[in-house]
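**Student:** Take a look at this one; I'll ask things after.
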Ligand code: KG4
Ligand code: ZN
């Protein structure tokens, strides 16, 4: 195996992400200081009808598509396997079966090419995904990582110094979107459908006051909670005779094609109110953190950060407090290989400088991350 002091054989870093239901590979070009190519295969259609991810299906799909995705990625940038200098792979947290497939594949590839491999924390990669289109990483900043598995608030001082300030006490925000969509009769993932449906709500209309209250309003902590909002939504749907557990789930286009006008309008108003309460909580708790920490930059990341309504709210909130607002490019909000390749290279550089051991073929995946606790 290549020693840690050996210089990289080229400028091409391969990133591999398989922690959940997306298989994503990317090339980070060190000389150009940017991601040049990314390829992602989503498993939406395989999991859609179940209303969530089925771990066994996810692992099997990663296994079957990894080799062909790597060939397509390398073809698209006219590279050969032997041009790759370093492999960065997601090692934690995630579905253990999915992580095992990615890590085993990366190890076999690194061994066959005799190149180094580095294990990357998926949460850290999301946090630093805001710098994929920037010239350099700048710290400190407050970071809200909001995805299907996490709603975590961090104070980020450097790549190695990340303090958890607060996190969800129950469901993650993205998970709440997924469950809300399911209750409304929409397929997984729910976030994009709720966002699209909310835009169809009649202008100026609102639900009766407090139908979907903002959770954690009367609490002073920096933690989040989404189970109450989910229960409030279920109770409201029951009160409106719109709650049908076990119903067939539809895509947003089928929903708007096949449902009657009144159901679409009522559902849209509910989606808008749900989205409002879900984001109001994030903004309320972030405002508390801004008051407690004198930080000039706020960042959001993770799958939910693609939501345009939330981005607009965040942009206004930061303008009001005279803070810089950073978000990832859309293609780097969901799980992606680019953020893994990028952070893997930054870590590799730090390891080289400080002569830490590079993670070698002993790399083992883990379902949890130190950044979650
Ligand atoms: O980061 P990600 O791709 O995977 C995890 O690590 O969880 O995030 C996926 C989550 C899902 O819960 C999905 O519903 C949510 O991100 N999401 C959204 C939107 N697009 C995806 N939530 C709200 N609005 C969206 N437009
Ligand atoms: Zn993620």
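**Student:** Among the residues in segment 300-309, are any farther than 23 Å from residue 33 by Cβ, surrounded by fewer than 17 Cβ atoms within 10 Å (Cβ to Cβ) and within 15 Å of ligand 1 (Cβ to nearest atom)?
**Tutor:** Within segment 300-309, one or more residues are farther than 23 Å from residue 33 by Cβ, surrounded by fewer than 17 Cβ atoms within 10 Å (Cβ to Cβ) and within 15 Å of ligand 1 (Cβ to nearest atom).
**Student:** Which of the residues that make up segment 16-50 are over 17 Å from the mean Cα position of the chain (by Cα), within 16 Å of residue 175 (Cα to Cα) and crowded, with 19+ Cβ neighbours inside 10 Å?
**Tutor:** Passing the criteria: only 47.
**Student:** Within segment 110-128, does at least one residue satisfy the condition of being in contact (Cβ under 8 Å) with a residue 40 or more places away in the chain, surrounded by fewer than 18 Cβ atoms within 10 Å (Cβ to Cβ), more than 24 Å from residue 60 (Cα to Cα) and more than 19 Å from the chain's Cα centre (by Cα)?
**Tutor:** Scanning segment 110-128, I find at least one residue that is in contact (Cβ under 8 Å) with a residue 40 or more places away in the chain, surrounded by fewer than 18 Cβ atoms within 10 Å (Cβ to Cβ), more than 24 Å from residue 60 (Cα to Cα) and more than 19 Å from the chain's Cα centre (by Cα), so the answer is yes.
**Student:** Let me confirm something: among 289, 280, 271, which residue is out of contact with any helix residue (DSSP H, G or I) (no Cβ under 8 Å at 6 or more places or on another chain), within 19 Å of residue 201 (Cα to Cα) and either modelled with pLDDT of 95 or more or away from ligand 1 (no atom under 16 Å from the Cβ) (or both)?
**Tutor:** Exactly one of 289, 280, 271 is out of contact with any helix residue (DSSP H, G or I) (no Cβ under 8 Å at 6 or more places or on another chain), within 19 Å of residue 201 (Cα to Cα) and either modelled with pLDDT of 95 or more or away from ligand 1 (no atom under 16 Å from the Cβ) (or both), namely 280.
**Student:** Right, another one. Going through segment 54-66 one residue at a time, which ones are in contact with a helix residue (DSSP H, G or I) (Cβ under 8 Å, 6 or more places away or on another chain) and surrounded by fewer than 20 Cβ atoms within 10 Å (Cβ to Cβ)?
**Tutor:** 54, 55, 56, 57, 59, 63
**Student:** Identify, from the list 280, 268, the residue that is out of contact with any strand residue (DSSP E or B) (no Cβ under 9 Å at 6 or more places or on another chain), within 25 Å of residue 44 (Cα to Cα) and not in a loop (DSSP other than H, G, I, E, B).
**Tutor:** 268
**Student:** Ok, one more. Scan (1) touching a helix residue (DSSP H, G or I) at 6+ places or on another chain (Cβ under 6 Å); (2) under 28 Å from residue 326 (Cβ atoms) for the single condition residue 187 breaks and write down its number.
**Tutor:** (2)
**Student:** Looking at 345, 332, which one is buried (at least 17 other Cβ atoms within 10 Å of the Cβ), within 16 Å of ligand 2 (Cβ to nearest atom), within 22 Å of the chain's Cα centre (by Cα) and touching a residue at least 40 places away in the same chain (Cβ under 8 Å)?
**Tutor:** 332
**Student:** In the set 8, 95, 66, which member is away from ligand 2 (no atom under 16 Å from the Cβ) and at pLDDT 95 or above?
**Tutor:** 66
**Student:** Please work out if residue 223 is over 14 Å from residue 178 (Cβ atoms), modelled with pLDDT under 90 and surrounded by fewer than 19 Cβ atoms within 10 Å (Cβ to Cβ).
**Tutor:** No: the conditions fail for residue 223.
So that you can scan it fast, the table gives a plain yes or no per residue for (1) away from ligand 1 (no atom under 13 Å from the Cβ); (2) without any contact (Cβ under 8 Å) to a residue 60 or more places away in the chain; (3) more than 30 Å from residue 124 (Cβ to Cβ); (4) touching a strand residue (DSSP E or B) at 6+ places or on another chain (Cβ under 6 Å):
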residue	(1), (2), (3), (4)
198	no, no, yes, no
202	yes, no, yes, no
206	yes, no, yes, no
209	yes, yes, yes, no
218	yes, yes, yes, no
234	yes, yes, yes, no
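The values are calculated or read from the model by the stated rules, or taken from the named source; none is laboratory data. Just so it is clear, the structure is predicted and the values come from calculations on it, not from any experiment. Heads up, the Cβs are rebuilt from the backbone with ideal geometry, glycines too, and the neighbour counts pull from every protein chain shown.
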